[in-house]
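Encoded as structure tokens, the structure appears first; notes follow it.
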Amino acid sequence: MQHPNIVEFCVYGDYGLFSDPITRVGGEKCSYQIPTYEAIKGVLASVYWKPTIVWYIDKIRVMNQIQTEVKGIRPIKYNDGKNDLAYYTYLKKCRYQVQAHFEWNYNRNEMKNDRNENKHHNIAKRMIEKGGRRDVFLGTRECQAYVEPCRFGEETGYYDELEQLAFGLMYHGITYPDESFSDETKDKMTVNFWYPVMNRGIIEFPKPEQCTIHKEIREMKMKLFSEGNNFSGLKEFEGVE
């Protein structure tokens, strides 16, 4: 289904770290070979987000060859304030094309007066042109990234001629209570897993509720917003084309 509020952009950076939870037990981190759904959703949230909408990542296109680089890091040991030595495996020379769209967050009835599709879509596109509202990074804070508009599918990608590549079981993202649309995940923080497959450089993401593997993390209630208290209602953008 083609949505009318699609946005397309390119995100790139020297390094990315989409860490596999399995490798973090010993205090070290190793990146997945491709970005997670949650990481790209985080990029888009840094570009533009309001509780009125829910961003869905439709697909990404891997533009550069998948390469890794190991770095020796000295993270702080918070129990005694000293440093420890750990090795982090980063992706390097990352570049991805992204196609995404937003839908209304119907869990947010307090936001129903803010459901102006053209307004949110136009603001999102302008924020992409400006590089985002907040700092953008690829997976972790030290992996600074940059955003710019693009047309999905243009330019030549490294994996355009590769028929298919599977990546096995992989973390997809977290479903929070305010973005839960099923009884199974209501009032819970739930982590989702899936089996991604890249076809000619393109990875199509299922929606979180379409993932077949879920794990409940804990009970959680969603935060409520009220206009004039902790929500502006986007009045500063009224009348902006």
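The values are calculated or read from the model by the stated rules, or taken from the named source; none is laboratory data. Note that the coordinates shown come from a computational prediction; the quantities given were computed from them, not determined experimentally. We place every Cβ from the backbone using ideal geometry, glycine too, and count neighbours over all the protein chains shown.
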Next item on the list: Considering only the stretch 67-85, state which residues are surrounded by 10 or more Cβ atoms within 10 Å (Cβ to Cβ), modelled with pLDDT of 75 or more and either of a type in the set (S, T, N, Q) or not in a loop (DSSP other than H, G, I, E, B) (or both).
Entry: GLN67, THR68, GLU69, VAL70, LYS71, ILE73
Item checked: Answer residue from the stretch 197-216, given it is within 23 Å of GLU179 (Cα to Cα), among the hydrophobic types (A, V, I, L, M, F, W, C) and at pLDDT 95 or above and is nearest to the chain's Cα centre (by Cα) among those -> PHE205
Note to self: Out of everything in the stretch 4-26 that is part of a loop (DSSP other than H, G, I, E, B) and surrounded by 15 or more Cβ atoms within 10 Å (Cβ to Cβ), what residue ends up being modelled with the lowest pLDDT?
What the structure shows: ASP20
Check: Considering the stretch 127-163 alone, what residues qualify as being within 16 Å of the chain's Cα centre (by Cα) and among the β-branched types (Val, Ile, Thr)?
Finding: ILE128, VAL136, THR140, VAL147
Next item on the list: Can you run down the residue pairs with Cβ atoms below 9 Å, 6 or more apart or on separate chains, where the first is in the stretch 163-181 and free of Cβ contacts under 8 Å to residues at least 40 places away in the same chain and the partner is among the β-branched types (Val, Ile, Thr) and crowded, with 16+ Cβ neighbours inside 10 Å?
Entry: THR175/THR185; THR175/THR190; THR175/VAL191
Check: surrounded by fewer than 19 Cβ atoms within 10 Å (Cβ to Cβ), touching a residue at least 12 places away in the same chain (Cβ under 8 Å) and more than 17 Å from the chain's Cα centre (by Cα), is that true of TYR90?
Finding: no
Notebook entry, point to check: Looking at (1) loosely packed, with under 15 Cβ neighbours inside 10 Å; (2) closer than 27 Å to TYR158 by Cβ, which is the only condition PRO196 fails?
Noted result: (1)
Check: So which residues in the stretch 171-205 are in a loop (DSSP other than H, G, I, E, B), out of contact with any helix residue (DSSP H, G or I) (no Cβ under 6 Å at 6 or more places or on another chain) and within 30 Å of ASP160 (Cβ to Cβ), if there are any at all?
Finding: TYR195, PRO196, ARG200, GLY201
Note to self: Going residue by residue through the stretch 86-103, is there one that turns out to be farther than 19 Å from PHE205 by Cα and assigned to a loop (DSSP other than H, G, I, E, B)?
What the structure shows: no
Next item on the list: Could you check, for the stretch 108-117, whether at least one of its residues is crowded, with 17+ Cβ neighbours inside 10 Å, in a loop (DSSP other than H, G, I, E, B) and more than 18 Å from the chain's Cα centre (by Cα)?
Entry: yes
Check: Does ALA45 fit the bill of being at pLDDT 90 or above, closer than 27 Å to SER19 by Cβ and in contact with a Leu (Cβ under 8 Å, 6 or more places away or on another chain)?
Finding: no
Notebook entry, point to check: Across the stretch 81-128, what is the total count of residues that are touching a helix residue (DSSP H, G or I) at 6+ places or on another chain (Cβ under 8 Å), closer than 18 Å to ILE40 by Cα and not β-branched (Val, Ile, Thr)?
Noted result: 5
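Restricting the search to the stretch 176-196, which residues are in contact with a Cys (Cβ under 6 Å, 6 or more places away or on another chain) and either modelled with pLDDT under 85 or not polar (S, T, N, Q) (or both)?
Correct list: TRP194 only.
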Next item on the list: Might you let me know whether the stretch 127-144 holds any residue that is touching a residue at least 12 places away in the same chain (Cβ under 8 Å), among the polar types (S, T, N, Q) and either in contact with a Ser or Thr (Cβ under 6 Å, 6 or more places away or on another chain) or under 18 Å from GLY16 (Cα atoms) (or both)?
Entry: yes
